[in-house]
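Student: Below is a structure I'd like to ask you about.
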Amino acid sequence: MRIRPFAPEDLDTLIDLTIETFRPYFEGFLDGLLGGDLAQLHHGRWQQDYRDDLPTLHDPAAGRHIAVADAGVIAGYVSWTIGERPGRGQIYLLAVAERHRGRRVARDLCEHAIERMKAAEVRFVEIGTGGDPFHAPARALYEVLGFTKVPGAFYLKLI
């Protein structure tokens, strides 16, 4: 597997990969947690949201980057941003195809993004994830990579 820069022809594959990666979260866990109406209002367009968001994630002139794990097919990708605030970077989105999970793909992608940010004089990197069972592997990875968990709370109410 090699990590390479994003190419425009990757876009449709990355969108499909993202939707399939996060489908269990949105259609399983989140629906059950929030209930139908609140889940629909808050994340009812989640697939379209990814279709709209992914094309904006790679714009190096604006500090937005994507790298792709290529194993003959796209195994995963990471997107990150640099420069919104001095010295700060953010790993924005990470997705790995199910058949490539557990093979260091996510770790290699994160390390790649962190090294690129370090080379750009980023001093700290932020990454977010959920506290639910779906996101447990992500939390474990981020802790192995040396990230510090910052407790928080997020609330929603249907009115």
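Student: Any idea which of 74, 3, 58 is furthest toward the positive side of the dipole for the chain, if Lys and Arg beta-carbons carry +1 and Asp and Glu beta-carbons -1?
Tutor: Checking the options against the dipole of the chain, the answer is 3.
Student: Fully extended, how many nm does the chain gain between residue 34 and residue 119 (0.36 nm per residue separation, minus their Cα-Cα distance)?
Tutor: Details: separation 85, 0.36 × 85 = 30.60 nm, distance 4.11 nm.
Length gained between residue 34 and residue 119: 26.5 nm.
Student: A further question follows. Whole-Hz Karplus ³J(HN,Hα) for the stretch 15-24, in order, using 6.51 cos²θ - 1.76 cosθ + 1.60 and θ = phi - 60°, x for Gly and Pro?
Tutor: Listing the rounded values in order: 4, 4, 4, 5, 4, 5, 5, 9, 4, x Hz.
Student: Can you divide the C-alpha Rg of the chain by 2.2 N^0.38 Å and report the result to two decimal places?
Tutor: Taking the Cα Rg and dividing by 2.2 N^0.38 Å, one obtains 1.06.
Student: Express in nm, to one decimal, how much length is gained between residue 111 and residue 9 on full extension, taking 0.36 nm for each residue of separation and deducting their alpha carbon distance.
Tutor: Separation in residues times 0.36 nm, less the Cα-Cα distance, equals 34.3 nm.
Student: Here's another thing I want to ask about it. Quick one: which residues, 5 or more positions from residue 75 or on another chain, have an amide H under 5 Å from its amide H? H modelled 1.01 Å from N in the peptide plane, none for Pro or chain starts.
Tutor: Under 5 Å from the amide H of residue 75: 69, 70.
Student: Could I ask something else about it? How far apart, in nm, are the 7 Å Cα→Cβ label points at residue 16 and residue 48?
Tutor: 2.2
Student: Quick one: what are the phi-derived ³J(HN,Hα) couplings along the stretch 85-93, Karplus 6.51/-1.76/1.60 with θ = phi - 60°, whole Hz, x for glycine and proline?
Tutor: With coefficients 6.51, -1.76 and 1.60, one gets 10, x, x, 10, x, 9, 7, 8, 8 Hz.
Student: To continue, here is another question. Once amide H atoms are built 1.01 Å from N in the peptide plane, which residues 5 or more positions from residue 92, or in another chain, come under 5 Å H to H?
Tutor: 79, 80, 81
Student: Taking the 0 to 90 degree range and rounding to the nearest ten, how far is the long axis of helix 105-119 tilted relative to the main principal axis of the chain, both from C-alpha atoms?
Tutor: For helix 105-119, the angle is close to 60 degrees.
Every number in this text was worked out from the coordinates using simple rules, so none of it is lab data. In this text the structure is predicted, and so the values were computed from the model without any measurement. Positions of Cβ are backbone-derived with ideal geometry, glycine not excepted, and every protein chain shown enters the neighbour counts.
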